[in-house]
Amino acid sequence: MLNMGEYKTCQKEVLEASLWLSEHGFFGSLRGTGGNVSVRIEGKEAMAVTPSSVKYHEITPADICIVDLSGNLVEGDRAPSIEAGMHAAVYRERPDVKAVVHTHQTYGSVFALINQSVPALFDEVAFALGENIEVIPYALSGSPELAANVGNAVRNKANAYIIRNHGIIALGKNMDKALLATELLEKAAKTYCIALSTGIPIGGLPDDVLEMARGLREYEAAEAKKKD
Ligand SMILES: [Zn+2]
């Protein structure tokens with residue numbers, strides 16, 4: 001039997017998250033695979049990540065690749081996503097992150113095209129994602145340069161980013177939080193986009209709320225580093 005050993009739970013989690021994102025339209029098309037998902041394998045310097053060029057409803061958990069954080073395939077018969085390097089870069093930089101979601105979702109992608117960050121205008125967004133959803137500079141999909149750009153960006157300890165002319169990346173201390181970050185980013189981008197289109201000035205959150213959100217995320221990152 002293939003891949004049915006110690007990695008099974010992680011593989012199942014990655015496939016279930018991918019199916020959920022696909023069914024809810026986060027991959028930009030219902031038939032495509034405009035995105036990829038991974039989860040960190042604790043204590044192994046490795047991750048379970050979606051394979052390249054497959055329809056997620058046509059595969060089983062055993063098709064989810066196990067890849068080390070240097071990009072070497074540890075277990076599995078399929079080629080890992082071309083964006084596996086981007087996921088590995090996040091895990092190397094951020095011990096607090098246990099799950100990563102990358103998608104081509106519509107409203108996040110609007111800001112990827114206009115090269116504008118999305119400010120946190122709801123307190124739930126500030127606390128969960130960060131005070132600002134920043135734009136990571138463009139590099140070719142799947143390139144080591146894009147992985148390096150993502151690795152540099154995530155040092156600010158936020159949990160969601162826009163990738164210029166490409167899509168978004170969302171992070172979490174577990175898969176549920178990474179999926180929530182993906183949804184919250186889309187809500188933040190959608191409402192901001194519609195609010196901008198009214199031409200009416202948009203009010204921001206008070207400074208003390210933004211300060212509180214920053215403090216919480218720094219505390220969480222420091223706690224994760226202690227345990228690492
Ligand atoms: Zn992509």
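At a glance:
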item	result
The stretch 153-162 - residue that is in a helix (DSSP H, G or I) and touching a residue at least 24 places away in the same chain (Cβ under 8 Å) and, of those, nearest to Phe27 (Cα to Cα)	Val154
Residue satisfying condition, being on the phi < 0 side of the Ramachandran plot and modelled with pLDDT of 95 or more, within set Val118, Val74	Val118
Subset of the stretch 42-65 (residues that are farther than 16 Å from Glu16 by Cα, in contact with a strand residue (DSSP E or B) (Cβ under 9 Å, 6 or more places away or on another chain) and not charged (D, E, K, R))	Ala46, Ser52
Some residue of the stretch 199-209 being assigned to a helix (DSSP H, G or I), among the hydrophobic types (A, V, I, L, M, F, W, C) and buried (at least 22 other Cβ atoms within 10 Å of the Cβ)	no
In the stretch 120-166, the residues that are among the basic types (Lys, Arg) and away from the ligand (no atom under 14 Å from the Cβ)	Arg155, Lys157
From Ala147, Ala195, Ala126, residue being among the aliphatic types (A, V, I, L, M), at pLDDT 95 or above and within 30 Å of Thr33 (Cβ to Cβ)	Ala147
Members of the stretch 128-145 that are in a helix (DSSP H, G or I) and surrounded by 23 or more Cβ atoms within 10 Å (Cβ to Cβ)	Ala128
Condition check for Asn165: modelled with pLDDT of 95 or more, assigned to a loop (DSSP other than H, G, I, E, B) and out of contact with any Lys or Arg (no Cβ under 9 Å at 6 or more places or on another chain)	yes
Residue pairs meeting the criteria (Cβ under 7 Å; at least 6 apart or on separate chains; first touching a residue at least 12 places away in the same chain (Cβ under 8 Å), in the stretch 212-227; second surrounded by 11 or more Cβ atoms within 10 Å (Cβ to Cβ) and among the acidic types (Asp, Glu))	Ala213/Glu131; Arg214/Glu131; Glu220/Asp96; Ala221/Asp96; Ala224/Asp96
Residue in the stretch 73-121 that is surrounded by the most Cβ atoms within 10 Å (Cβ to Cβ), counting only those that are among the β-branched types (Val, Ile, Thr) and under 16 Å from Ala139 (Cβ atoms)	Val90
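The values are calculated or read from the model by the stated rules, or taken from the named source; none is laboratory data. Everything numeric in this text was worked out from a predicted model, so none of it was measured. Please note: Cβ atoms are built from the backbone with ideal geometry, for glycine as well, and neighbour counts cover all protein chains shown.
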